[in-house]
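Novice: Please see the structure below; I have some questions.
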Amino acid sequence: MSMMTVSEHEAASRPNEPVIRLLLIEDDESIALEVAEELTSRGYLVTHVENGLLGLEAAQSGRYDLMIVDRMLPELDGLSVIEILRRQKIMLPVLVLSALSAVDDRVNGLKAGGDDYLTKPFAMEELAARLEALLRRPTDSRETVLRVGPLEMDLIERKVFRNGREIELLPREFRLLEYMMRRPGTVLTRTMLLEDVWNYRFVPQTNLVDVHIGKLRRKIDVAGEPPLIHSIRGAGFSLRVSD
């Protein structure tokens, strides 16, 4: 195993801040280096291993607060690593990275015991936000349901409910709503949504976001119910429960 980028000296220079120890299991050297550099700049202490067997051994040591694991790994694939840990009752929070983005792939990642699933390529801000969310969860609980007010999203079954009423969503609508539910109360710009939901690496002149927000709003905010999806003039959109 190799310790990457952050030294013990750096961690010691912030004695009043707890050091978060993060295990990164990734066989792509360039991705591993980029992730490690970004996360160490945010104060994490990152250990990197390059295959599943070494990753499993490291995770079993009990030294880490959180694990990022690539799905496709030499020696032992990422989902097998997670399944073994869960059978051993090791509930280390796990973020799965994968180039596989189909719904079935995401479901399999969560069913194996992953706590969250991020598809490649990804934005570093998104990665950091998901890690922060995982660290806020109770250590004895794996959240597979998102809730914002009366809205509930089951990440395993890929179903959405409002006050018990099931809402049928298309795959892109589900992804858009999931993105918003993970950031309740946050103003989300059209650029953010195009980059993180549609994976655009440039911002085209398009009303794509507005069209999908409109369709989502018609399904989520039916007549007689307080609106959850709000337009923020000149800024973007926000999912929040009105006061």
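The values are calculated or read from the model by the stated rules, or taken from the named source; none is laboratory data. Only a predicted model underlies this, so the values are computations on that prediction, with no experimental measurement involved. In this analysis, Cβ positions are derived from the backbone assuming ideal geometry, glycine residues included, and neighbour counts consider all displayed protein chains. Keep in mind that these areas ignore ligands, DNA and RNA; they rest on the heavy atoms of the full protein, side chains included. Shrake-Rupley method; radii C 1.70, N 1.55, O 1.52, S 1.80 Å.
Novice: Among the residues that make up region 99-108, is at least one of them modelled with pLDDT of 85 or more, small (Gly, Ala, Ser), open to solvent by 60 Å² or more (accessible area, probe 1.4 Å) and not assigned by TED's automatic domain parsing to the domain that holds Arg175?
Specialist: No, the conditions are met nowhere in region 99-108.
Novice: Same structure, new question: Name, by its number, the condition in (1) modelled with pLDDT under 80; (2) open to solvent by 40 Å² or more (accessible area, probe 1.4 Å) that does not hold for Gln88.
Specialist: That leaves (1) as the condition not met.
Novice: While we're here: Taking region 229-241 only, how many residues are assigned to a loop (DSSP other than H, G, I, E, B) and over 20 Å from Val160 (Cα atoms)?
Specialist: Result for region 229-241: 3.
Novice: Filter region 32-43 down to residues that are in a helix (DSSP H, G or I) and out of contact with any Leu (no Cβ under 8 Å at 6 or more places or on another chain) and give me whichever is least open to solvent (accessible area, probe 1.4 Å).
Specialist: Thr40
Novice: What number of residues in region 201-228 are modelled with pLDDT of 85 or more and either among the hydroxyl-bearing types (Ser, Thr, Tyr) or in contact with a Leu (Cβ under 9 Å, 6 or more places away or on another chain) (or both)?
Specialist: Qualifying residue count, region 201-228: 11.
Novice: I would also like to ask the following. Check every one of the strands (runs of 3 or more DSSP E) wholly within region 150-228 and list those with 2 or more residues that are open to solvent by 70 Å² or more (accessible area, probe 1.4 Å), charged (D, E, K, R) and without any contact (Cβ under 8 Å) to a residue 40 or more places away in the chain.
Specialist: On the way: elements: 151-154, 159-162, 165-167.
Once the strands (runs of 3 or more DSSP E) in region 150-228 are filtered for at least 2 residues that are open to solvent by 70 Å² or more (accessible area, probe 1.4 Å), charged (D, E, K, R) and without any contact (Cβ under 8 Å) to a residue 40 or more places away in the chain, what remains is 165-167.
Novice: Between a residue in region 30-41 that is without any contact (Cβ under 8 Å) to a residue 60 or more places away in the chain and any residue that is in a helix (DSSP H, G or I), which pairs come within a Cβ distance under 7 Å, given they are 6 or more apart or on different chains?
Specialist: none
Novice: Can you tell me which residues in region 57-72 are among the aliphatic types (A, V, I, L, M) and surrounded by fewer than 23 Cβ atoms within 10 Å (Cβ to Cβ)?
Specialist: Ala58, Leu66, Met72
Novice: May I pose another question? Take the residues in region 168-188 that are more than 19 Å from Ser238 (Cα to Cα) and modelled with pLDDT of 90 or more, then tell me which one is nearest to the chain's Cα centre (by Cα).
Specialist: Ranking the candidates gives Leu170 first.
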